[in-house]
């Protein structure tokens, strides 16, 4: 994978972050260096999808990016054993995902959809995965999206999602952010890169507290809610219907 150096050069003005061709080309390096335990999240989510996948149901990956979950699932499950719809609004991301699937000979297993996830019709869902995507959706639209996910899930279906969060207590929030930036430095990002990326994401990535997420899940009707992984201000949930 190409190394992420997008924010390594000083800029007089940092434009808002977007999932364009430049980001897509370094996305895998970016996310592995920026999201703690990203590989573990994808690995276990693929295993959870395999566990709950039933004939006649679909798997949805909303915000599939370059297809890391799809590739993990293909490694676990034989061709023709599942039906997956992978959605992303970024054409460059989908182009990379498409090439990976084609190279792996698994393009027929997965339908790629270039669309805003808020506009996707969901049906017969056995599992829905939403990784670090809700945070880029306007907060006012998040309830409606997760309600649509809940309504589409078959009995026993599962929502798996991950988010960057904030803490209601400012002191704890600052502590979490400090350790997150420490992680980024340990993974090779400079102070300049961290600062410029933070500026680019301001008002683009809007995190919420864990309590806000869990209140929304309860409002939508989920009966089983569990945080299965947490690292400071990063969380992954399992939610069952």
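Quick notes
- Filtered residue count, the range 220-230, keeping only those that are closer than 15 Å to residue 153 by Cβ and surrounded by fewer than 14 Cβ atoms within 10 Å (Cβ to Cβ): 3
- Every residue from the range 162-186 that is surrounded by 13 or more Cβ atoms within 10 Å (Cβ to Cβ) and either modelled with pLDDT under 95 or not in a helix (DSSP H, G or I) (or both): 162, 163, 164, 165, 166, 167
- Near pairs, Cβ below 7 angstrom, 6+ apart or cross-chain, from the range 44-59 (touching a residue at least 12 places away in the same chain (Cβ under 8 Å) and at positive phi) to any residue that is part of a loop (DSSP other than H, G, I, E, B) and surrounded by fewer than 20 Cβ atoms within 10 Å (Cβ to Cβ): 56/124
- Residue check for residue 22: farther than 22 Å from residue 227 by Cα, touching a residue at least 12 places away in the same chain (Cβ under 8 Å), more than 18 Å from the chain's Cα centre (by Cα) and in a helix (DSSP H, G or I): yes
- The single condition among (1) surrounded by fewer than 16 Cβ atoms within 10 Å (Cβ to Cβ); (2) in a loop (DSSP other than H, G, I, E, B); (3) in contact (Cβ under 8 Å) with a residue 24 or more places away in the chain that residue 64 does not meet is (1).
Here's the yes/no breakdown for (1) over 14 Å from the mean Cα position of the chain (by Cα); (2) closer than 27 Å to residue 207 by Cα:
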| position | (1), (2) |
| --- | --- |
| 84 | yes, no |
| 89 | no, yes |
| 111 | yes, no |
| 121 | yes, yes |
| 124 | yes, no |
| 129 | no, yes |
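- Residues of the range 200-225 classified as assigned to a helix (DSSP H, G or I) and in contact with a strand residue (DSSP E or B) (Cβ under 8 Å, 6 or more places away or on another chain), total: 5
- Counting only helices (runs of 4 or more DSSP H) that sit completely within the range 68-160, those holding 1 or more residues that are without any contact (Cβ under 8 Å) to a residue 40 or more places away in the chain and over 14 Å from residue 50 (Cα atoms) correspond to 91-103, 139-152.
The values are calculated or read from the model by the stated rules, or taken from the named source; none is laboratory data. All values derive from a computational prediction rather than experimental measurement. All Cβ positions, glycine included, derive from the backbone under ideal geometry; neighbour counts span all protein chains shown.
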